[in-house]
Amino acid sequence: MPSIAGAGGGRLFSVNGAAAYWGSSRRRLLLLQRPLFSSLAGGGTGDDVTPHLPVVIVGAGPVGLVLSFLLTKFGIKCAVLEKNVEFTRHPRAHFINNRTMEIFRKLDGLAGDIERSQPPVDLWRKFVYCTSLSGSILGSVDHMKQEDFDKIISPISVAHFSQHKLVDLLLKKLDGIGFQTCLPGDIGSSTQDLVLENKILLGHECSSVQLTDKGILIGASFNEAGRMQERKIHCGLLLGADGARSTVRELAGIHMKGQRDLQKLVSVHFRSKDLGKYLSRERPGMLFFIFNPGAIGVLVAHDLEHGEFVLQIPFYPPQQMFEDFSTKVVPVGYFSLFQFISISCLIHMYNLYQIVYKLFFSSEIYIYKYS
């Protein structure tokens, strides 16, 4: 069970206002100045059995990976803990705003890679409102302005690029500066600093946090050969980038306030090149808001060229339950083109919240949010 304990005063770091934003106000990353970690830049030993790293990041999503890249570029040793043993192939987020793209320009050409890899802008600049994907168009809105292309406000335009593809590019950038992705079996039970620094440790879940007079003592649980074990790591600063249900946030005692369960949605991830070709030709867009007596939903066209989509369908317990939805009933009423029904899809449940963290830091623990 995750736990947090305090012993001694710990070491308090100040960021001195050196903060930048990842995307919108809900997407944050911290730019750290080199002098902040001058005493720990080389790693240190902590004690004889516990490795000591200047920074440990929890969460290997876009925020955690960007943080690890920037810290490494500043000469600050770090490691990333990720509880999953593999990276998700679900598209998740897809729109990257100007400020984020500006930051990506500093990541060894990441912004340029995204611009070259994303779908053509004419395929995603509009929101389409319709009775079905082949039915009447109720209206459409072009969200791109000429000033976006003329780069008057920002030196780079917004982008439409799915999160799982962004993670792939970030992993390549990290590989180029010496980062490695490791499973528990690749490391074993070694406690040496050099084994953990510049590593993304998959299958490692932050299970405990203890403030000590040497910094922070982290417990990272992992499964090796069918047995749960725990690796202890000392660090000077713990950065939580582990999502809305952040374990780091819970361990730090940081609470959330706001409304929960505003809406329950079924999230259907599927691929259909035929549907992609049809929409590209007839009514290209990024989002399709579907309204008819038999179906309400929003189709996110992650990539029309390759036919990758996510359909978000609201449902209303107890009249409707998540178990009522299947691959057979989902397409009916949304497509109205029966040649598109034979698709393979993955169905998830998604809860819509309107919440905010009461704090984004506690002592040497900082929380960064991507949503």
L138: net charge of surrounding residues, Cβ under 14 Å, Lys/Arg +1, Asp/Glu -1, itself excluded? +2
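Suppose we look only past 24 Å in the calculated P(r) of segment 162-321. What percent of the Cα-Cα pairs does that tail hold? Don't skip to the answer; put the middle values down first.
Values: 7519 of 12720 pairs.
Across segment 162-321, Cα pairs with separations above 24 Å total 59 percent.
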Would you kindly state how much longer the chain becomes between S267 and N292 on full extension, computed as 0.36 nm times their sequence separation minus their alpha carbon distance, in nm to one decimal? 7.1 nm
A chain fully extended from F74 to K277 at 0.36 nm per residue, minus the present Cα-Cα distance, gains in nm 68.6 nm
Sites V195 and L171 - FRET efficiency at Förster radius 22 Å, r taken between beta-carbons, to 0.05: 0.65
Given labels modelled 7 Å from the Cα in the Cβ direction, how far is it in nm from Q146 to K106? 3.3
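Bear in mind that the values in this text are calculations on the coordinates, not laboratory data. Because the structure is predicted, anything quoted here is derived from the model rather than measured. FYI the Cβ positions are ideal-geometry reconstructions off the backbone, even for glycines, and counts take in every protein chain you see.
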